Amino acid sequence: MERRLYKSNRNKMLCGVCGGIAEYFGLDATLVRLGWVLFCALGGSGVLAYIVAAIVIPHNSQD
């Protein structure tokens, strides 16, 4: 079965991007969110990456 990356409907804070990434890799969503905050704080490009991911990654219609 093919795994696909979707925005999470169950594990969502803003758009469900971090929750979807966590579900795809089998991680805790809190760890992904903390990593994303560090990514934003260190380089600042994390905000732009989140916006792009929120636009590009589709919603999971099966969830």
Discussion item. So, for the chain, what is the accessible surface per residue at a probe of 1.4 Å, expressed in square angstrom?
Written reply: 73 Å²
Item to complete: Using only the alpha-carbon atoms of the chain, report the extent along each of the three principal axes, biggest first, to the nearest angstrom.
Response: 36, 22, 21
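The values are calculated or read from the model by the stated rules, or taken from the named source; none is laboratory data. If you're wondering where the values come from, they're calculated on a predicted model, not measured in any experiment. In case anyone asks, the SASA skips ligands and DNA or RNA and just uses the protein heavy atoms, side chains included. Shrake-Rupley method; radii C 1.70, N 1.55, O 1.52, S 1.80 Å.
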